[in-house]
1. What does the net charge come to around residue 193 if you take all other residues with beta carbon closer than 14 Å to its beta carbon, with K and R at +1 and D and E at -1?
2. Which order do peptides 51-59, 109-117, 158-166 fall in by mean Cβ count within 10 Å, highest first?
3. Only bridges whose two residues both fall in region 89-238 count here: according to DSSP, what percent of them are antiparallel, nearest 5?
4. In degrees from 0 to 90, rounded to the nearest 10, what is the angle of the helix 246-256 Cα long axis to the longest principal axis of the chain?
5. For residue 52, list the lysines whose Cα falls under 24 Å from its own Cα; do not include residues on the same chain fewer than 8 positions away.
6. Through the Karplus equation 6.51 cos²θ - 1.76 cosθ + 1.60, θ set to phi - 60°, convert the phi angles of region 22-28 into ³J(HN,Hα) values in whole Hz; use x for Gly and Pro.
7. Just for the chain, what percent of DSSP beta bridges are antiparallel, to the closest 5?
8. Hey, what number do you get for the chain at 222 nm if only DSSP H runs of n ≥ 4 count, each worth -39500 (n - 2.57), divided across all residues, to the nearest 500?
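Laboratory data are not the source of any read-out in this text; all were calculated from the coordinates shown. Quick caveat: nothing in here was measured; it's all calculated off a predicted structure. When we count neighbours, we look across all protein chains shown, and the Cβ atoms used for this are built from the backbone with ideal geometry, even at glycine.
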Amino acid sequence: MKVRFWGVRGSIPVPGRTTNRYGGNTSCVEVRPKGGHPIIIDAGTGLRRLGKSLMEDAFGEGKGKASILISHTHWDHVQGLPFFSPAYQKGNEIAIYARQRDMHLEAVFSAQNRAPYFPVPLSAMQAQMKFHEVIEGQKFTIGTAKVSVTRLNHPWIAIAYRVDVDGASVVYCSDTAPFADFLLGTDFVKQAPSLDGPLPPETAAELAQMRAGVINLARNADLLIYDTQFSKEEYRQRPHWGHSHPDDAIAIAREAKAKTLCLFHHAPLRTDDENDQILEQFRGVVAAQHDRFALVSAYEGLEIPLGDE
């Protein structure tokens, strides 16, 4: 399979001279099994360019099939869907997977496509659209690919995906905070909590179980894509935003024995040069600790072949 990055930013798209090399689009990653249909993880603004690319082949003729795995329905992970060209071509088949228990899944996506937010309703999509609810711990198949999910530590709850196909595995783990300081759920948190006091035993136990789920999901993965929007200092200031930092990502990759760790979900204010510095700094950390995994940083257009090509 091949893994290609179409959007690597968090929060909002940030086009400009200082973000050209890494790219300014929000989260979207394509997993293309050998001879199979695309499996797309997250539908941020990077999905628009991916859709244009797909329309050059079978999707342009209304003969395409694609699956979209949504980590969670915050805007930066779904705002590309209304601009996904294959969805407007009759004959195409698009399956959307997400976790959303409190509202019918189709209604969630329909909400961002109606007035006064958007002029074109979801019903204008002529492709055959199917919506599938997933829950943490679930396993299912998409063609020859095996997909597993687990819960992450993020406001309103996000999930991580693992895709096993062609003798290789990729794990997508964004968005999440570390699992040691603060438990996030469906409640809105107005201010950053103190991270210095002891955790209630039940909270510590739930966080430990969540972290164990992530470690198990990423076990021996060929590629682990991990949320590193913050530095450690920035995380201390905004733990309630639900994002992690490279130190935590490295600890997860080390324990899971992943083969390659990819820094992802870059902060919107982070320049290309600053991303270069972060990558260089933490490659030094990995080398000093004698870790066996490779460390890369996601940028638009990065393509990583895995397993049987």
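1. 0
2. Going by the mean number of other Cβ atoms within 10 Å, highest first, we get 158-166, 51-59, 109-117.
3. 60 percent
4. That works out to roughly 80 degrees.
5. Reachable lysines: 2, 34, 63, 65, 90, 130.
6. The phi angles translate into 8, x, x, 7, 7, 3, 6 Hz.
7. Antiparallel bridges: around 50 percent, rounded to the nearest 5.
8. The helix contribution divided over the chain gives -6500 deg cm²/dmol.
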